[in-house]
1. As an exercise: evaluate H3 against (1) modelled with pLDDT under 95; (2) open to solvent by 80 Å² or more (accessible area, probe 1.4 Å) and give the number of the one condition it does not meet.
2. Looking at this structure, is S32 part of a loop (DSSP other than H, G, I, E, B) and polar (S, T, N, Q)?
3. Consider R19 carefully, then state whether it is at pLDDT below 95, open to solvent by 60 Å² or more (accessible area, probe 1.4 Å) and not β-branched (V, I, T).
4. Among the strands (runs of 3 or more DSSP E) confined wholly to the range 56-111, which include 1 or more residues that are more than 14 Å from S38 (Cα to Cα) and acidic (D, E)?
5. Could you list, in sequence order, the residues of the range 88-109 that are among the β-branched types (V, I, T) and touching a Leu at 6+ places or on another chain (Cβ under 8 Å)?
6. In the set G30, G10, which member is open to solvent by 20 Å² or more (accessible area, probe 1.4 Å) and on the phi < 0 side of the Ramachandran plot?
7. Mind checking which pairs have a first residue in the range 88-103 that is surrounded by fewer than 20 Cβ atoms within 10 Å (Cβ to Cβ) and a second that is in a strand (DSSP E or B), Cβ under 6 Å, 6 or more apart or different chains?
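The values are calculated or read from the model by the stated rules, or taken from the named source; none is laboratory data. In this text the structure is predicted, and so the values were computed from the model without any measurement. Note: ideal-geometry Cβ built from the backbone for every residue, glycine included; neighbour counts use all protein chains shown. The accessibility values were calculated without ligands, DNA or RNA, using every heavy atom of the protein model including side chains. Shrake-Rupley method; radii C 1.70, N 1.55, O 1.52, S 1.80 Å.
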Amino acid sequence: QVHLVESGGGLVQPGGSLRLSCVASGDTSGISVMAWYSQPPGERRELVASSTRGGRTHSLKDRFTISRDNAANAVYLQMTSLKAEDTAVYYCSAVSDDYYWGQGVQVTVSS
């Protein structure tokens with residue numbers, strides 16, 4: 001079992017930045033991919049960025065950068081130049097023996 005806890009969400013003005021953090025606990029030795037997903041209000045959950053244990057990263061938004069600290073069992077999402085349409089609940093995920101999700105963290109971009 002893997003337990004994921006996200007933090008760092010909140011209210012930010014358009015053009016601002018936020019850094020989300022996700023820390024994994026439990027049986028973390030088997031985690032391969034860690035990723036961030038976003039789910040805007042009334043929409044489907046979609047992949048934002050992913051990172052393999054070996055450090056290969058992929059981001060679907062140029063303004064968002066994923067990074068990972070394997071020693072800390074953590075993954076981060078640096079979000080810059082935030083727009084209103086980035087408003088969503090952001091979920092951390094981890095792939096191990098199963099697919100695990102965090103509880104989600106709200107990001108609201110509004111003036």
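1. Going through the list (1) modelled with pLDDT under 95; (2) open to solvent by 80 Å² or more (accessible area, probe 1.4 Å), H3 breaks only (1).
2. Numbers: part of a loop (DSSP other than H, G, I, E, B): yes; polar (S, T, N, Q): yes.
Judged against the criteria, S32 is a match.
3. Numbers: at pLDDT below 95: no; open to solvent by 60 Å² or more (accessible area, probe 1.4 Å): yes; not β-branched (V, I, T): yes.
It is false that R19 is at pLDDT below 95, open to solvent by 60 Å² or more (accessible area, probe 1.4 Å) and not β-branched (V, I, T).
4. On the way: elements: 57-59, 64-69, 74-79, 88-95, 99-101, 105-109.
Answer list for the range 56-111: 64-69.
5. First, pick out the residues of the range 88-109 that are among the β-branched types (V, I, T): 89, 95, 105, 107-109.
The answer is V105, V107, T108, V109.
6. Working: G10 fails: on the phi < 0 side of the Ramachandran plot.
One residue alone meets the criteria, G30.
7. Going by the 6 Å Cβ cut-off, the qualifying pairs are V89/Q39; V89/Q106; S96/V2; Y100/V2; Y100/L4; Y100/A94; W101/Y91; W101/S93.
Results for (1) in contact (Cβ under 8 Å) with a residue 12 or more places away in the chain; (2) surrounded by fewer than 17 Cβ atoms within 10 Å (Cβ to Cβ), shown as yes or no for each residue.
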site: A49; (1), (2): yes, no
site: L60; (1), (2): yes, yes
site: F64; (1), (2): yes, no
site: A71; (1), (2): no, yes
site: M79; (1), (2): yes, no
site: D86; (1), (2): yes, no
site: S111; (1), (2): yes, yes
